[in-house]
Every structure is written in C-alpha cells, then in structure tokens.
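The values are calculated or read from the model by the stated rules, or taken from the named source; none is laboratory data. Fair warning: this is a prediction, and the values are worked out from it, not measured in the lab. Here the Cβ positions follow ideal geometry from the backbone for every residue, glycine too, while neighbour counts run over all protein chains shown. Protein only, heavy atoms only, side chains kept; ligands, DNA and RNA dropped before computing areas. Shrake-Rupley method; radii C 1.70, N 1.55, O 1.52, S 1.80 Å.
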Amino acid sequence: MTTLSYTEAFRPQFHFTPEAHWMNDPNGMVYFEGEYHLFYQYHPESTTWGPMHWGHAVSRDLIHWEHLPIALKPDHNGFIFSGSAVVDEKDTSGFFSGGSGLVALFTHADEYPDTGRPRQRQSLSYSLDKGRSWTMYEGNPVLSDETITDFRDPKVFWHEPLSVWVMAIAAGDHIRFYTSGNLKEWSLASEFGATEGSHDGVWECPDLIKLPVDGNPGYHKWVLIVSIGDHPELREGSRIQYFVGDFDGYRFTNNASPDTILWLDHGRDNYAGVTWSNADQENGGKLYVGWMSNWKYANLTPTSTWRSAMTLPRVLSLVTRKDGVRVAQTPVVEVEKLRRSTVSWEDIIVEPGCNLLAGHHGDRYEIEISFEPGSASEVGLKLRTSGDEETVVGYDVLNRLLFVDRSNSGTTDFQPHFGCKHSVPLELVDGMVTLRLFMDWSSIEVFADEGAVAITDQIFPDLSSTGMELYTIGGSVKVISLQLHELDSIYTGMNT
Ligand code: FRU
C-alpha cells in the first residue's frame, strides 16, 4: 500500500509524475479497451537518467492515473529506449491467435561487442492482457542498420489506404520511413530531412500524424514532429520542431521551404512529445503529451524523490495563419473537471499601479483572460509572487511579443540558463490579447492564438509564493474578461 502523500515540494498536483525516481520521454501511448496507456522512459533506481525501462500507468480520463508495475525491463538485447505501441486489431503479427492485442515497438540500446560503439536496434514486445504483462518477441531485434549510430524511437501507425504499417524513426540527422505488413519485417520506404528544418541537435522521437485543416474533414495535411537534442552551445537546449506537408504512404514532402523552422512550443520544457495511438478525437485531432523538461538541465532540477513531469495532455489540430498552416494545441477538456471554484471579472479598466488580483492567492489554477492593451506598452500577470519571486506572463505591446519570464521564478541556480525570459510573436485579434494558462506547483503552460502559440516552462517557486498581480505599464488596460479557476489536486481524497 502506498504511503505517499504527493505533497513534496514542487510535486505537480495535476500533471503526471512517476511516484518515485527518474522519468523522461512519454512512450507507447495507446488507447485500448477504455484505458489510456502511458508508458515512459524510467530509471527505477535513481532520480537521474540511467538504464532505461518502460514505466507504466493507465487512465480513463487522461487526468487521474493509476501506476502499474514496470512494463519493459532491459534484457540481453539492451536497455529499453523510446518507442510506440499499437493495437494489432487484425492480428497481422500473429501474436494474438486471430484476436487483437497490444504490440510495443521500441529501441533496444546496447553496444557493439567489439568496439563499444553505441548500438540501437528496434524490437517488439506484445501483451495479451491489456498491457499488464509483456512478452519479448523471440525474433528481436527486428530492424537494425549498422551504418547509423543514432537510430531510434520508432513511432508506428496503420496506414489505412495502403493497408500497411508505417514506422517513422530517427536516423541521426534525418527521419526514415519503413513499411511492414506484420510489424516484424520492415522495408525502407524513404528518408526525409537531412537538409530541412533545424539541425541544432540530433534528431529524435519522430511522429507522423494526419490532421484536418481548420476542422474541415475533407482537407487534411500531415504533420511530422521531430525532437532535436540539446546543443551545448545553445541556450534553448532540447526542443521540438514540426513540418507540415503530404504523405503518400511512403514519402513525406514538406510544404514549406527547407530553411523554414516551426517550433511546437516556445517555452523550454516540452520535449520528446508524441501522440496517442488509436485515440482520434471527434474533430480529427490527435492526443499529445510531452516530457516537461529539457536535456539542458533535466538531471539537475531541484525535486526530491522523483524527477520530471509530463505536460498536460493536449489535442493537436491544424489552423491556417497568414504564414501558412500551423499546429495548435489545446489541453484536453477533461482538465475542466478539476475546476473547483471560479472568480470572474468583466469590462474593467485597470490603471498602472492598481492590482485587480490583489488579495487572491493560489498555487494551482487556470486563468483565462482577454484584454485590450489600449495605450499600455506592456500588460501581464505576475504569478507565484512573494518577496522578490515572480513568474511573469506578459505582452510587449510595441513589439507584439508574448513572453514568459522565469528569471526570478524561485530556485533557478541549478543551471546558468534556466532563469530566462523568452518571447514569441503574437498579433492582436480584434485589438485583443486572449490567453489561457495553467499554473501547477512547478510548471506553467500558456496558450494563445487558439493554441497556435504555446509556452511550457518548469518553475520552482517557494511554497509561500502564492500572490498574483495583473499589471500594466505605460497606460491603462481594458480587461474584457478574466476568469480565475482554482483547480483540484488529482490526489484529492486519495490519502483520507
Ligand atoms: C529523447 C531520448 C530518445 C531516447 C531516450 C533515451 O529524450 O534521447 O531519443 O530513446 O531519450 O532515454
């Protein structure tokens, strides 16, 4: 029986965390028989990265999670790196005696026996009991290529028009696509990306998804998501880019010029994110979750018994903007069930020096705000404040920039680049800025422009930093609407 209270300093109260020890990438997400499965890169013996296993949890609402025993453990083929899972409905693999079941496809990581060079090969494991137990396929590994050292993170999906499995996999500086009829034998179909997008770091954790554009069920584009690893000389660390284009079952073509770079998130802490298999949303959107950390400092963050959290689960969609089609992210609607109490304001003019939120406190909440900046030069929210601590979400009116400044957000000194301010262009819509944000004990997620702009950041404020302020500089601001929702902890009622 667990005796955890989930009240350690910085323990997220409505984001997924492992009960204890180290976690990185989300893996193998799949919806099957009423349950959302979330596996994750896990080191069960330490709070820093080490020999990788797949930890495992399930949920019926994407918010409350039940922790299950470790699903995949290292074996004679090596450690268990990132990968995906699918429902093999037609028993193409032959693992399920004509029925259906779950197949996980992941990277086995070890070393070439003679040279010690890292070796990364792809393997299968399958489950006949809804993911509770797993059998390693005796024919592992099923895919290897001795010419590539960084060859990992297979993401597999069923391509209905061609009745074939497609695998997207990172291969050093590009993505490869393989196809298969049975998940066991794979043929190389094409390569993408050696001269496209950002190459600031090694390419990892791809995902290829088909999404309707502007919700139009008759018009789709394909999105290729690619994580790129940390580069010691760049402050940003690891981050995710994406490409929008077409896919014919074999080949992905980018609709933008090769030098276009599209970032999925403009904060520092949304990495290695991929989508759920078998969980298409009613509007055609795909369910996504990312690892809410950054290889620049992931091993150094000041948590105690565990390390790292996932982002809120989000629905990905495509929206048309003036520069092209862009990915939008919206937290799953189930998050709204956590709203415990709401305070609202409407049509209020706030002058510089007045704080509309004076007297309000919180460390776990959602804010929805629309404002007309009018003559102000900067408008924003100072959150998790006390003494000189503050996390600022602001809008620089003159330069049309949305920013998060975590320079003074609390504990920041574990890595020189952690304390920082970052910005992203954001135009006014009908003269207004509209933001939605989620504050947890150690993170902030900000969404703007209907999710086409996202900023996800970890913060480590003192427990006593619960103040909040709406500020304006250089002129008054008209708050069209403001809602402050206090959110329940997902652990409420668990330990009583
Ligand atoms: C991404 C990553 C993957 C790899 C895993 C190892 O964060 O580097 O490419 O499979 O982490 O834990």
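Quick notes on this structure:
- From the list Leu143, Leu183, the one residue that fits, being of a type outside the set (Phe, Trp, Tyr), open to solvent by less than 20 Å² (accessible area, probe 1.4 Å) and under 26 Å from Gly245 (Cα atoms), is Leu183.
- Considered as a group, the residues in segment 146-180 that are open to solvent by 40 Å² or more (accessible area, probe 1.4 Å) and touching a residue at least 60 places away in the same chain (Cβ under 8 Å) include one that is nearest to the ligand (Cβ to nearest atom), and that residue is Trp158.
- Only strands (runs of 3 or more DSSP E) whose full extent lies in segment 363-416 are considered here, and the ones with at least 2 residues that are over 21 Å from Val343 (Cβ atoms) and among the charged types (D, E, K, R) are 389-396.
- Taken over segment 295-325, the criterion of being under 17 Å from Trp441 (Cα atoms), more than 17 Å from the chain's Cα centre (by Cα) and assigned to a loop (DSSP other than H, G, I, E, B) is satisfied by Thr301, Pro302, Thr303, Ser304, Thr305.
- Pick from segment 19-29, criterion over 15 Å from the mean Cα position of the chain (by Cα) and either crowded, with 24+ Cβ neighbours inside 10 Å or in a strand (DSSP E or B) (or both), ranking: farthest from the ligand (Cβ to nearest atom): His21
- Pairs meeting the criteria (first residue in segment 266-278 and in contact (Cβ under 8 Å) with a residue 40 or more places away in the chain, second residue in a loop (DSSP other than H, G, I, E, B) and small (Gly, Ala, Ser), beta carbons under 6 Å, at least 6 apart or on different chains) are Asp269/Ser293; Tyr271/Ser238.
- Segments classed as strands (runs of 3 or more DSSP E), wholly inside segment 111-225, with at least 1 members that are touching a Cys at 6+ places or on another chain (Cβ under 9 Å): 151-159, 164-171
- Enumeration of residues in segment 186-197 that are surrounded by fewer than 16 Cβ atoms within 10 Å (Cβ to Cβ) and either hydrophobic (A, V, I, L, M, F, W, C) or touching a His at 6+ places or on another chain (Cβ under 7 Å) (or both): Leu188, Glu191, Ala194
- The combined condition, being surrounded by fewer than 21 Cβ atoms within 10 Å (Cβ to Cβ), hydroxyl-bearing (Ser, Thr, Tyr) and more than 19 Å from Asp449 (Cβ to Cβ), is not fulfilled by Thr391.
Let's see how each residue does on (1) open to solvent by 40 Å² or more (accessible area, probe 1.4 Å); (2) farther than 27 Å from Ile148 by Cβ; (3) within 16 Å of the ligand (Cβ to nearest atom):
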{"residue": "His43", "(1), (2), (3)": "no, no, yes"}
{"residue": "Ser46", "(1), (2), (3)": "no, yes, yes"}
{"residue": "Lys73", "(1), (2), (3)": "yes, no, yes"}
{"residue": "Val87", "(1), (2), (3)": "no, yes, no"}
{"residue": "Ser100", "(1), (2), (3)": "yes, yes, no"}
{"residue": "Ala104", "(1), (2), (3)": "no, no, yes"}
{"residue": "Tyr112", "(1), (2), (3)": "no, no, no"}
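Matching residues to (1) within 16 Å of the ligand (Cβ to nearest atom); (2) modelled with pLDDT of 95 or more:
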| residue | (1), (2) |
| --- | --- |
| Met1 | no, no |
| Tyr6 | no, no |
| Tyr40 | yes, yes |
| Asp61 | no, yes |
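- Total residues in segment 240-259, condition open to solvent by less than 40 Å² (accessible area, probe 1.4 Å) and either in contact with a His (Cβ under 8 Å, 6 or more places away or on another chain) or more than 24 Å from Val166 (Cα to Cα) (or both): 1
- Pairs where the first residue, in segment 208-225, is in the same structural domain as Arg176 (by TED's automatic domain parsing) and the second is assigned to a loop (DSSP other than H, G, I, E, B), C-beta under 6 Å, 6+ apart: Pro212/Gly284; Gly215/Asn283
- Counting only residues that are surrounded by fewer than 22 Cβ atoms within 10 Å (Cβ to Cβ) and away from the ligand (no atom under 16 Å from the Cβ), segment 198-233 holds 13 of them.
- The residue that is nearest to Val30 (Cα to Cα), among those in segment 114-134 that are open to solvent by 30 Å² or more (accessible area, probe 1.4 Å) and within 15 Å of the ligand (Cβ to nearest atom), is Arg121.
- Taking the listed residues His231, His220, the one that is under 27 Å from Ser293 (Cβ atoms) and not acidic (Asp, Glu) is His231, with no other qualifying.
- In segment 262-288, residue nearest to Asp207 (Cα to Cα) [restricted to those that are within 16 Å of the ligand (Cβ to nearest atom) and of a type in the set (A, V, I, L, M)]: Val274
- Members of segment 288-325 found to be of a type in the set (A, V, I, L, M, F, W, C) and within 17 Å of Val213 (Cβ to Cβ), listed by number: Val315, Leu316, Leu318, Val319, Val325
- Test for Gly78: is it within 14 Å of the ligand (Cβ to nearest atom), farther than 18 Å from Trp291 by Cα, among the small types (Gly, Ala, Ser) and in the same structural domain as Ser304 (by TED's automatic domain parsing): yes
- Qualifying residue in segment 337-355 (condition: under 22 Å from the mean Cα position of the chain (by Cα), assigned to a loop (DSSP other than H, G, I, E, B) and either crowded, with 16+ Cβ neighbours inside 10 Å or of a type in the set (D, E, K, R) (or both)): no
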